[in-house]
Amino acid sequence: MQVLFKVVRQYPNQQPRLQTYTLEVEPSSTILECLNQIKWEQDGTLAFRKNCRNTICGSCSMRINGRAALACKETIKQELSRQIPSTFLSGKLTDGEELNPILEINVAPMGNMPVIKDLIVDMQSFWQNLDTVDPYVSTAGRQVPEREFLQSPEDRAKLDQMGNCILCGACYSDCNALEVNPGFVGPHALAKAQRMLADTRDQATETRLSQYGQGTEGVWGCTRCYNCNAVCPMDVAPLDQISQIKSGVLQRQDAQASRSVRHRKVLVNLVQQGGWIDERKFGFKVVGNNFKDVQGVLGLIPLGLRMLQRGKFPSTFEASAGVSEVRSLINSVKMRESQSTETMSDPAPQNPVAPESDAPESNALVEGPDPSFGWNTYAERINGRFAMLGFIALLVLELVTHQDFFTWIGLR
Ligand code: SF4
Ligand code: SF4
Ligand code: FES
């Protein structure tokens with residue numbers, strides 16, 4: 001069969017251009033075999049990486065029809081059946097019309113990394129980021145043993161999924177978080193981080209969790225877009241590994257540790273209380289840290305004003321339907337998470353973080369509506385109402401003077 005290969009050709013600091021090659025191929029041919037055919041028979045200047053041809057070395061990652069994949073794993077048949085799933089194998093369209101005999105496959109270099117030439121990217125940041133998670137089993141604090149460290153087959157099996165990573169870069173290429181946050185270490189590094197955390201021989205669990213939970217470089221930088229799970233050719237499921245690390249961090253850190261931790265805890269607690277998020281509280285609790293962070297509260301004012309102006313600031317809150325089922329689900333997930341974090345190599349800390357005072361953290365099922373949908377402490381109630389009055393006063397002033405908040409305080 002004939003297939004059109006549209007390959008992105010590129011050099012550094014030059015506009016990419018698309019080059020088209022027509023190939024006579026077998027449906028069972030891999031994309032890598034087709035690229036070899038182009039290189040050997042049509043255009044020796046086409047550059048791409050390859051090595052094992054057998055889904056082992058991870059060299060041949062590239063974007064095939066828009067997603068990162070291994071060229072030696074994907075076949076023509078698989079690619080075309082993605083485009084026209086029910087018709088390709090029969091060779092006919094459903095109404096009996098013949099298929100267009102020329103089908104297209106687009107090939108481009110991986111994303112999130114600069115191109116060296118054609119389909120070859122510079123993976124320096126990928127390797128550097130891997131290094132930042134300290135991807136080696138720690139033996140610090142141990143005496144050098146007389147014989148090797150032993151590990152039970154069950155404990156070894158816990159490493160299988162993460163250990164399958166061949167460092168191909170597909171997840172890194174298609175990671176949405178990396179596109180906007182170059183400081184994020186990437187899904188490959190965090191999958192490796194979880195491989196270390198799950199290793200019974202590693203003794204650096206607390207240090208690792210503290211490091212991986214800092215800022216937006218570690219687990220909190222992930223936007224949970226699921227791309228890494230979708231493209232990983234080895235079923236490492238980096239997003240699942242990131243979630244495991246997050247559970248470990250959340251178990252050890254309280255809401256004051258960072259805004260990211262607070263965001264997650266407040267979100268879960270508000271949903272647990274009311275079945276969905278009480279928007280009146282969310283910003284104040286997360287960004288304003290329950291009015292402890294004055295700068296954070298002030299930063300919310302412009303947004304609050306705009307919401308009030310457009311009638312989008314909710315004045316009341318009603319619990320969602322089925323709130324007891326929501327609580328039951330959250331409690332079940334928390335129970336499973338606490339069980340899975342117990343499998344991390346180090347035992348849980350002696351003094352685990354106390355539950356947030358403003359929300360039920362118990363794993364026991366909470367039935368019925370929660371009576372505390374308002375601000376939970378006296379101080380919060382006073383502060384909340386004070387802030388609401390402030391917003392309304394500012395809105396009135398804006399409407400009367402036709403000037404906004406920033407103009408009054410001389411920032412505009
Ligand atoms: S996690 Fe999967 S996609 Fe990412 S580098 Fe490893 S094998 Fe490749
Ligand atoms: S789920 Fe997270 S780590 Fe995975 S690709 Fe999306 S943003 Fe990146
Ligand atoms: S050539 Fe080794 S994984 Fe494709």
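Laboratory data are not the source of any read-out in this text; all were calculated from the coordinates shown. What you are looking at is a predicted structure, and each value in this text was computed from that prediction instead of being measured. No Cβ is skipped: glycine too gets one built from the backbone with ideal geometry, and neighbour counts run over all protein chains shown.
Annotation note: trypsin sites (Lys or Arg not before Pro) in the stretch 225-314 located in DSSP loop regions with a Cβ neighbour count of at most 13 within 10 Å are LYS292, ARG310, LYS312. Each of TRP220, TRP276 was scored by other Cβ atoms within 10 Å of its Cβ. Arranged with the fewest first, they read TRP276, TRP220.
Hey, with R₀ at 22 Å, roughly what FRET efficiency would LYS6 and GLU26 work out to, going by the Cβ-Cβ distance, to 0.05? Intermediate values should be presented prior to the final figure.
On the way: r = 20 Å, r/R0 = 0.89.
E between LYS6 and GLU26, to the nearest 0.05, is 0.65.
Modelled this way, with points 7 Å down the Cα-to-C-beta line, the labels at TYR136 and MET335 are 4.3 nm from one another.
When you restrict to C-alpha pairs under 8 Å that are six or more residues apart and normalise by the size of the stretch 170-221, the relative contact order lands at 35 percent. For ASN229, the shell of other residues with beta-carbons less than 9 Å away shows a net charge of -2, using +1 for Lys and Arg and -1 for Asp and Glu.
Each of GLN151 and TRP40 was given a label point 7 Å from its Cα along the Cα-to-Cβ line. The distance between the two points is 4.0 nm. Placing unit charges on the Cβ atoms of the charged side chains and taking the dipole of the stretch 183-287 about its Cα centre, the candidate lying farthest along the positive direction among GLN244, LEU190, VAL287 is VAL287.
Which of rounded, prolate or oblate describes the stretch 121-252 when judged by the alpha-carbon gyration tensor and an a/c cut-off of 1.5? Prolate shape, in that a/c is at least 1.5 and a/b is the bigger ratio.
The calculated FRET efficiency for the pair ASP122 and LEU18, based on their C-beta separation and a Förster distance of 25 Å, comes to about 0.70.
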